[in-house]
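The values are calculated or read from the model by the stated rules, or taken from the named source; none is laboratory data. On a predicted model such as this, the values are computed, not experimentally measured, just so you know. All Cβ positions, even for glycine, are placed from backbone atoms using ideal geometry, and neighbour counts span all protein chains on display. Heavy atoms of the whole protein, side chains included, go into the accessibility calculation; ligands, DNA and RNA do not. Shrake-Rupley method; radii C 1.70, N 1.55, O 1.52, S 1.80 Å.
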Amino acid sequence: MEHSNAKFDEFLAEFSKYPVLNQDEEINLFEKYVNFNDLDAKNILIMSNGRLALHVCKLFKDDNFDPKDLIQTSMLGLQEAVEKFDYKRGVKFSTYAYLYIQWFIKKQMLLTNNKYKLTKKEVDEIEKLIAAKNYLTNINGKTPSENQLVKYFSDSNFDIKKIRQIEYKFYSIFTKNEQIDDLNKQDWHRFWAI
């Protein structure tokens, strides 16, 4: 465990060399990156948010993962978050990145760790379900009902009930809680609102 903390401290020292950005500075850097493909701006965004990526890593530190792999995975998630973030929406980047890095780590755990293993197809189907939920939430302004999801997928071979079972298994793994039935619907949907 001491070795694990040393790795986190080493990366924290590196990320501390970069300032915490305010929202105006972030927007300015995103404009440079998006409009002019300024890779220096992208790098500053990534390194300035490295402490956030380490914070998210610590949530998974006790899951028997090599700390170096965990940090690398969180940084890849942060990089992808920078690449996909739409700064024009007025959402704070750190909020988006926090959720994105969490999802990225969980996805890698599902694909690579035997303790949590799901097939690539199962993970892809969960991602389709999340995308559909986000799409319907944006259109309707609220979390979609089960009937709305069934209707959304009615023209495809997407088996919503099967995916719900996978989703349930996935959720139970990451809440580390055997008593999932006690969770209310709001907690369930908030978990997937990525």
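Are any residues in region 102-114 surrounded by 15 or more Cβ atoms within 10 Å (Cβ to Cβ) and β-branched (Val, Ile, Thr), and if so, which ones?
Ile105
Can you tell me which residue among Leu76, Leu70 is open to solvent by 50 Å² or more (accessible area, probe 1.4 Å) and closer than 24 Å to Ala6 by Cβ?
Sole residue among the options that is open to solvent by 50 Å² or more (accessible area, probe 1.4 Å) and closer than 24 Å to Ala6 by Cβ: Leu76.
Looking at Asn43, Asn37, Asn28, Asn22, which is the one that is open to solvent by 30 Å² or more (accessible area, probe 1.4 Å) and more than 29 Å from Asn138 (Cα to Cα)?
Asn43 is the lone residue from the list that is open to solvent by 30 Å² or more (accessible area, probe 1.4 Å) and more than 29 Å from Asn138 (Cα to Cα).
Output the residues belonging to region 83-108 that are touching a helix residue (DSSP H, G or I) at 6+ places or on another chain (Cβ under 7 Å) and within 30 Å of Thr119 (Cβ to Cβ). Show your work before the answer.
From region 83-108, those touching a helix residue (DSSP H, G or I) at 6+ places or on another chain (Cβ under 7 Å) are 85, 87, 92-94, 96-98, 100-102, 104-108; that's our starting set.
Within region 83-108, Phe85, Tyr96, Ala97, Tyr98, Tyr100, Ile101, Gln102, Phe104, Ile105, Lys106, Lys107, Gln108 qualify.
So which of Val82, Val20 is outside any loop (DSSP other than H, G, I, E, B) and of a type outside the set (Asp, Glu)?
Val82
Lys117 fails exactly one of the following numbered conditions: (1) open to solvent by 80 Å² or more (accessible area, probe 1.4 Å); (2) modelled with pLDDT under 75; (3) part of a helix (DSSP H, G or I). What is the number of that condition?
(3)
Take the residues in region 125-177 that are open to solvent by 90 Å² or more (accessible area, probe 1.4 Å) and not in a helix (DSSP H, G or I); name whichever of them is modelled with the lowest pLDDT.
In this case the residue turns out to be Lys176.
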